[in-house]
Amino acid sequence: TLLRVLIQQVSTAALSYTAPQRRGEVLAEVEASLLTSARAAAPGSDAQLQLVTAWASFAQSEESLALLRGLLSGEETLEGLTVDQDIRWTLVTALATAGAADQPEIDAELERDNTATGREKAARALAARPTAEAKAEAWRAAVESDELPNAVLAATALGFGRVHDTELLVEYVDRYHAAIAGVWESRTHHIAESIAVGFYPLALADQRLLDATAAWLDANPDAPSGLRRTVAENRDTVARALAAQERDTP
């Protein structure tokens, strides 16, 4: 549990709290350190599994991508690591996020795991692809349509928010604030809350996002209390990130 919390804190600090001008350097250091730690972890341990999963989420370097592919194909191994179906989806999603796996690879993995869980994991991987088209399709399927099952929608939101290039989410600052009141009114509370949290472009964590969210709150004082609370929590998360970025600026 302690390791899981520490990994989460490191991830948040690296992705949101570092100054933008030095973030690339920090992310590369975190990626390399997590890989070193995963290789040094006790074979077959829970720590090894957690570290591999965390490293995969940061994987961008050629070394990391080659190892991801090797673990997936069986050409590479980490002593004690069982590459079961859950780990396979972790590897596929990491490759997809880095632009190293596209729909054919994701579809092939879904053929191996044609289950409800497999369909959720495939939706996450598809939404994680680093293209404007992939993000737009995830938005359309989850926000503009009500056809996705709850679990698939949640998985799509997770993939949508996974980006190495935050520019992919810039256009969703305005789209989110224009759509969220209608979503809250037309969907069930659970689904609306999932969208309000999962499709908020938090990875941007910049002044434009903070200003847009504050402006929405100012312009919608009579919005449902649950929606205002959720949007306010999103705003506060960005405000904390910006305060940290300011302190981290050289």
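The values are calculated or read from the model by the stated rules, or taken from the named source; none is laboratory data. Keep in mind that what you see is a predicted model, and the values were worked out from it rather than measured. Glycine gets a Cβ as well: all are built from the backbone with ideal geometry, and neighbour counts include every protein chain shown. When the accessible area is computed, the model is the full protein with side chains, heavy atoms only, and any ligands, DNA or RNA have been set aside. Shrake-Rupley method; radii C 1.70, N 1.55, O 1.52, S 1.80 Å.
Per-structure values
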| item | result |
| --- | --- |
| Filter result for the condition that a residue is open to solvent by less than 20 Å² (accessible area, probe 1.4 Å), within 19 Å of Asp146 (Cβ to Cβ) and not polar (S, T, N, Q), over Ala241, Ala205, Ala192, Ala178 | Ala192 |
| Residues that are of a type in the set (Val, Ile, Thr) and either buried (at least 22 other Cβ atoms within 10 Å of the Cβ) or touching a helix residue (DSSP H, G or I) at 6+ places or on another chain (Cβ under 7 Å) (or both), drawn from region 127-144 | Val143 |
| Residue in region 46-53 that is outside any helix (DSSP H, G or I), surrounded by fewer than 16 Cβ atoms within 10 Å (Cβ to Cβ) and not aromatic (Phe, Trp, Tyr) present | no |
| Options Glu167, Glu185, Glu246: the member that is surrounded by fewer than 15 Cβ atoms within 10 Å (Cβ to Cβ) and within 15 Å of the chain's Cα centre (by Cα) | Glu167 |
| Filter result (more than 15 Å from Ala244 (Cβ to Cβ) and open to solvent by 40 Å² or more (accessible area, probe 1.4 Å)) within region 6-33 | Leu6, Gln8, Gly24, Glu25, Ala28, Glu29, Ala32, Ser33 |
| Leu2 being of a type outside the set (Gly, Ala, Ser) and over 20 Å from the mean Cα position of the chain (by Cα) | yes |
| Residue list for region 209-250, restricted to those being closer than 16 Å to Tyr17 by Cα and of a type outside the set (A, V, I, L, M, F, W, C) | Asn234, Arg235, Asp236, Thr237, Arg240, Gln245, Glu246, Arg247, Asp248, Thr249, Pro250 |
| Members of region 54-89 that are in a helix (DSSP H, G or I), open to solvent by 30 Å² or more (accessible area, probe 1.4 Å) and free of Cβ contacts under 8 Å to residues at least 12 places away in the same chain | Glu62, Ala66, Ser73, Asp86 |
| Among (1) touching a Pro at 6+ places or on another chain (Cβ under 9 Å); (2) surrounded by 15 or more Cβ atoms within 10 Å (Cβ to Cβ) - the single one Ile106 does not satisfy | (1) |
| Cβ pairs under 6 Å, 6+ apart, first in region 208-237 and buried (at least 17 other Cβ atoms within 10 Å of the Cβ), second part of a loop (DSSP other than H, G, I, E, B) and at pLDDT 95 or above | Asn234/Tyr200 |
